[in-house]
Amino acid sequence: MIPVEHPVFAGHFPGNPIVPAALLLDEMVCAIASASGLPMNNCSVSSAKFYSPVVPGESLNLRVVVLDNTPVSFEVCAGTRLVASGYLSVQAVELP
């Protein structure tokens, strides 16, 4: 959920605010990186498609599918409504 107080809404369609796609993708990448323990700079969006606008304060669910040797696929939903989907590339991390 992107809080209504987020500063992006001050100039993003005043009177009818929606969550910008870039902010939605950033929040999604942060959530995946945090859950996987990977640094965020090792994740990049390969492709994304947006189906429906998100309003401030709307609850979102993230579904992630990770398979060996393939990009991570994701879906963002607001209830049963598909909001966005796509693929995330994750760069391998070398351990010292």
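The residues listed here are Val76, Val83, Val65; of these, the one that is of a type in the set (A, V, I, L, M), within 14 Å of the chain's Cα centre (by Cα) and more than 22 Å from His6 (Cβ to Cβ) is Val65. Of all residue pairs spaced 6 or more apart or on separate chains, those with beta-carbon atoms under 9 Å, a first member in the stretch 13-24 that is within 28 Å of Ser46 (Cβ to Cβ) and free of Cβ contacts under 8 Å to residues at least 60 places away in the same chain and a second member that is surrounded by 10 or more Cβ atoms within 10 Å (Cβ to Cβ) and acidic (Asp, Glu) are Val19/Glu27; Val19/Glu58.
In the set (1) part of a loop (DSSP other than H, G, I, E, B); (2) over 15 Å from the mean Cα position of the chain (by Cα), the condition left unmet by Val8 is number (1). Selection of the stretch 30-72 for residues being modelled with pLDDT of 80 or more, in a loop (DSSP other than H, G, I, E, B) and in contact with a helix residue (DSSP H, G or I) (Cβ under 9 Å, 6 or more places away or on another chain) yields Val54, Pro56, Leu60.
For every residue, the table says whether it meets (1) over 12 Å from Val83 (Cβ atoms); (2) surrounded by 11 or more Cβ atoms within 10 Å (Cβ to Cβ); (3) out of contact with any strand residue (DSSP E or B) (no Cβ under 6 Å at 6 or more places or on another chain); (4) of a type outside the set (Ser, Thr, Tyr).
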{"position": "Leu25", "(1), (2), (3), (4)": "no, yes, no, yes"}
{"position": "Ala33", "(1), (2), (3), (4)": "yes, yes, no, yes"}
{"position": "Pro39", "(1), (2), (3), (4)": "yes, no, yes, yes"}
{"position": "Val54", "(1), (2), (3), (4)": "no, yes, no, yes"}
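The values are calculated or read from the model by the stated rules, or taken from the named source; none is laboratory data. Predicted model only: the values in this text are computed from it and were never measured. Here the Cβ is made from the backbone with ideal geometry for all residues, glycine too, and neighbour counts use every protein chain on show.
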